[in-house]
1. Heavy atoms only, 1.4 Å probe, whole protein assembly: order 368, 300 by accessible area, highest first.
2. Heads up, I need the accessible area for residue 542: 1.4 angstrom probe, whole protein in place, Å², nearest 10.
3. Using a cut-off of under 16 Å, list every residue of region 167-190 whose amide N is near the label point 7 Å from the Cα of residue 148 along the Cα-to-beta-carbon line.
4. Over its Cα atoms, what ratio of radius of gyration to 2.2 N^0.38 Å does region 418-459 give?
5. Roughly how far apart, in whole Å, are the Cα centres of region 42-84 and region 258-282?
6. Per 0.36 nm of contour for each residue apart, how much would the distance between residue 521 and residue 260 grow if the chain were fully extended, relative to their Cα-Cα spacing?
7. Using the alpha carbons of region 325-460, what is the convex hull volume per residue in cubic angstrom, as a whole number?
8. Relative contact order for region 1-100 using alpha-carbon pairs under 8 Å, separation at least 6, rounded to a whole percent?
Amino acid sequence: MAEVARVFVESPLPHLDKPFDFAIPDELDEAALPGCRVRVRLRGRKVIGWLLERGPAQFDGTLQPLLDVLGPPVLTPEVAHLCRAVADRYAGTFADVVRFAVPTRVKAVEGRDYERAPAPAPAELTAWDPYPLPAAGAASWICHPHDDPFVMLAALATDTAARGQAAILVVPDARDVARLKEHLPSAAVLSGDLSNRVRYATHLQILAGVKPIVIGTRSAVFAPTPDLGLIAVWDDGDDVLAEPQMPGWHAREVAALRGWSQKARVVVGGYARTAATAQWIVDGNAADVQLPRAATRARRYRVDALHEPAADRRRIPARGFAMIRKALEAGPVLVQVPRVGGAQGLVCAECGHVARCPRCGGGVRPDRRGVPRCRLCHQVFSTCASCSGTEFVPVGAGSGRSAQELQKAFPQVPVVRSDAESGVHASLDLDRGLVVATPGAEPLVAGGYAGLLILDTEVLLALPGLRAREEAVRRWLAAIARTAPDAPTLLVAPQDLEVVQALVRNDVAAFAQAERAERAAAHMPPAYRCVRLRGPLSAVDEWLSAYSGEVLGPLETTAGAQAFLISPLPGTAMLREVKAIQAARSKAGATVVEHRVDPVDLGEQ
């Protein structure tokens, strides 16, 4: 019996997420190889698909033939398997995922011969000596703020390539790619700012094994490297590493799926640890990689906060001005503010603590009637958990206002802004001065800043998302990483807050575990699998009538309605049921209900 081609068509419709058999015409037999794009006719329409395998027919009738083969094989079996695994993990379709794994075809760059570069010399791994990094398996790495993670990751990738294996390094944005490229000039680069031509040519080079080290943004996690030995993700708490389009995969989770499948070393790190990788440690899926306590004490970074916050309620208290004044004698000072504009949220008028839901940990904001209410579970909030106060005030701040205040206070000192409104500075040549920056826009200065003041801490802590405190720690530590090793940091926040104590004690690992435990008690990710549904209320109600598991909601929102499906890990049965319901509704032409698995913006609206 003649072989047939099994093809997944590029369609967003869930009920078409399955292989279809097509006959292989004699003239296409030699070109129709697994991993090729093909053109087929499905239900009267010409569509693009992926030929994943050839084999005996599973259908007795007459098959439609392949219409054309579109280029050479560009999807490896390993990456195809990964795309299928990611689609299942996020209750999506193969077509949803493969579009991120393989760039748009550019025929002009095909058919070139590539010469493999010689393996690099083994790298010095002395920077890793204090860290208990295992030789294999997965690791959740907390990098000390005054170590250079880009130097360390580059050394690890070079060492992997020297042993004849490939390495993939995934970072949040183009600035991080540029910093890695300084240490890995011969590495392949895959990032969103490349043209289709360059991206496709680079994909073919990686496929040919010419460049064993790949660096890039989130989609680089799918790079078709042969013999993968290392896959690393830096700063996995950054929301940019989560794909906003369906099915909403996260580079951290894709890296884990790929590493565990291909038996490659997986290193996921940051200055802070996320609750997600803290869960990996609890489950025994990753090693805890951080400096031992003795080394942490020897390299302690100096963080302080307000011991008596009620004594000075000014936005910049006297201690803040005193710290700036003294630090300016040694060099430039960094002032971090939450954002350019304002941010809504509530703090207790009595004690200044941020209002958070006692049931699920979600952020609290006034609803349309002015009633404080959790943005995640919509429970009414009436009493402060810290002091039992019942009066709450909104918070908000901006970098422009901060720069104006500081310029008035220090008229002889230059004040530089770095933010989305005034422009972001990658680095500054500054011997003395004040730099007011928003998170992620802090410029590098030679030798590091002589001091750091972090203002409006309640704004980040009052954000409604479930990850607000985790995100605050991540952003504050990123600013601390810009300082000199002996520079002081002052957080304008009550010292007794657990999130503040994590930095004061230099113990972000314990904070990550506390966050994980708190979410586990609330049956929230990462300890539980969660699926968020969004759509018109009638459609969400209809969707839920076909579902058999635990449901929170539906709750009406300004955009319709949303509901949450909750399941203990790994949640495989729930995800299969979600896929089945979505496929059935798609086939019936029912109103679309959007679903997202473990969304990073859980609790935000």
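1. Details: 368 200, 300 115 Å².
Final ranking, largest accessible area leading: 368, 300.
2. About 100 Å², rounded to the nearest 10.
3. Hits in region 167-190 for residue 148 at 16 Å: 176-186.
4. Working: Rg = 10.8 Å, N = 42, 2.2 N^0.38 = 9.1 Å.
Relative to the 2.2 N^0.38 Å estimate, region 418-459 comes out at 1.18.
5. Taking the Cα centre of region 258-282 as reference, the centre of region 42-84 is 34 Å away.
6. 91.2 nm
7. Residue-normalised Cα hull volume stands at 135 Å³.
8. 32 percent
The values are calculated or read from the model by the stated rules, or taken from the named source; none is laboratory data. Since we're looking at a predicted model, the values are computed, not measured. We place every Cβ from the backbone using ideal geometry, glycine too, and count neighbours over all the protein chains shown. For accessibility, only protein heavy atoms count, side chains too; no ligands or nucleic acids. Shrake-Rupley method; radii C 1.70, N 1.55, O 1.52, S 1.80 Å.
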